[in-house]
Amino acid sequence: MTIDEVFIALIILVGSFFGFSAALGLLRMPDFYTRMSTSGKGATVCCGLLLAGVALLFSDAQVTARAIAAILFLLLTVPIGVHMIARAAYRAGTPMWRGTGSKIKFKNPMRNIQ
C-alpha cells in the first residue's frame, strides 16, 4: 500500500465515523432540535469526506469535478434545509428538551390570524 492509498482510506474511515456519529446522535439526542443539528452537521461532513475520498481514489477529471460539485451542493443546501425545518418546527410549537438553557415561551404566530 502506498501513502496515497493510506491517506484515501483514512479520509473514507473518518467520513464513515462522522456518518456513524450522526446516526447515533439521531438515536441518543433528547429532542427534535438537537437531532436536527446532529444529523445536519454529521451528514454534511460524512458525505463531504466520502466524496473527497472518491475524488482522490479515482484520479479522473470528470469524477473529481462531479465530486467537487456534489460537495459544494451539499455545503450550500444541507445547512439551509436543516435551518428551515428547525424554524418551521419552532413556529409550529415543537417543544424543546427540558434541559435546554433557553427559557423560550412558545407562541403560535398562526393563532392571531383570522
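Values for this structure:
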quantity	calculated
Tally of residues being among the β-branched types (Val, Ile, Thr), open to solvent by 40 Å² or more (accessible area, probe 1.4 Å) and touching a helix residue (DSSP H, G or I) at 6+ places or on another chain (Cβ under 6 Å) across the range 28-62	2
Residue match in the range 10-18 (condition: touching a Ser or Thr at 6+ places or on another chain (Cβ under 8 Å), surrounded by 16 or more Cβ atoms within 10 Å (Cβ to Cβ) and in contact (Cβ under 8 Å) with a residue 24 or more places away in the chain)	no
Tally, over the range 19-56, of residues that are within 30 Å of GLY93 (Cα to Cα) and either in contact with a Phe, Trp or Tyr (Cβ under 9 Å, 6 or more places away or on another chain) or not charged (D, E, K, R) (or both)	25
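The values are calculated or read from the model by the stated rules, or taken from the named source; none is laboratory data. Only a predicted model underlies this, so the values are computations on that prediction, with no experimental measurement involved. Here Cβ is always computed from backbone atoms with ideal geometry, including for glycine, and neighbour counts include all displayed protein chains. Keep in mind that these areas ignore ligands, DNA and RNA; they rest on the heavy atoms of the full protein, side chains included. Shrake-Rupley method; radii C 1.70, N 1.55, O 1.52, S 1.80 Å.
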